[in-house]
Amino acid sequence: MTATQAAAATTQAAKVRKKAKKQVSEGVAHIRASFNNTIVTITDAQGNTISWSSAASCGYRGSRKSTPYAAGEAATKVATDVVENYGMKAVHVCVKGPGPGRESAIRSLHAAGLKILSITDNTGIPFNGCRPSKRRRV
């Protein structure tokens, strides 16, 4: 490769631009609240993932992952990311699972500046499937 070819290659590499992030004004926030962790995913209307976060990805490990505080922090992180980078203003919320972080995640989405249009509960109900684990006596 000659010097002119190398110079041409570097100028072409410099011309490549970043892909502009699309503006999404309304989306869907999926909150998966299990007993061990809470995962918050925000998608557009077609279901394409825009941003996600979880209590574990926020740095919580062990029993601290399953706290409402960790779920709220995960929801705040994903909501601020979506509001700043994509200009999102409103979300429909779909909650799934029996975990302790359900309500705090919804409250954190609202506190971060997202308008909540609707809340749907998609928690699975067994048609007499597996036997549930015994109740904890604390």
**Asked** Considering only region 77-111, how many residues are out of contact with any Lys or Arg (no Cβ under 8 Å at 6 or more places or on another chain), more than 16 Å from Asn37 (Cβ to Cβ) and surrounded by 18 or more Cβ atoms within 10 Å (Cβ to Cβ)?
**Response** 6
**Asked** Just a yes or no: is a residue in region 9-30 modelled with pLDDT under 95, touching a helix residue (DSSP H, G or I) at 6+ places or on another chain (Cβ under 8 Å), among the aliphatic types (A, V, I, L, M) and part of a loop (DSSP other than H, G, I, E, B)?
**Response** yes
**Request:** Starting from residues that are among the small types (Gly, Ala, Ser) and surrounded by fewer than 20 Cβ atoms within 10 Å (Cβ to Cβ), keep the ones in region 31-50 and report whichever is modelled with the highest pLDDT.
**Result:** Ser34
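Check Ser25, Ser118 and return the single one that is among the small types (Gly, Ala, Ser) and either crowded, with 20+ Cβ neighbours inside 10 Å or touching a strand residue (DSSP E or B) at 6+ places or on another chain (Cβ under 6 Å) (or both).
On inspection, the qualifying residue turns out to be Ser118.
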**Message:** Taking the conditions exactly as written (hydrophobic (A, V, I, L, M, F, W, C) and either touching a Cys at 6+ places or on another chain (Cβ under 7 Å) or at positive phi (or both)), does Ala70 satisfy them or not?
**Reply:** yes
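The values are calculated or read from the model by the stated rules, or taken from the named source; none is laboratory data. Given the structure is predicted, the values throughout are model-derived calculations rather than measurements. Positions of Cβ are generated from backbone atoms using ideal geometry, with glycine treated the same way; all protein chains shown enter the neighbour counts.
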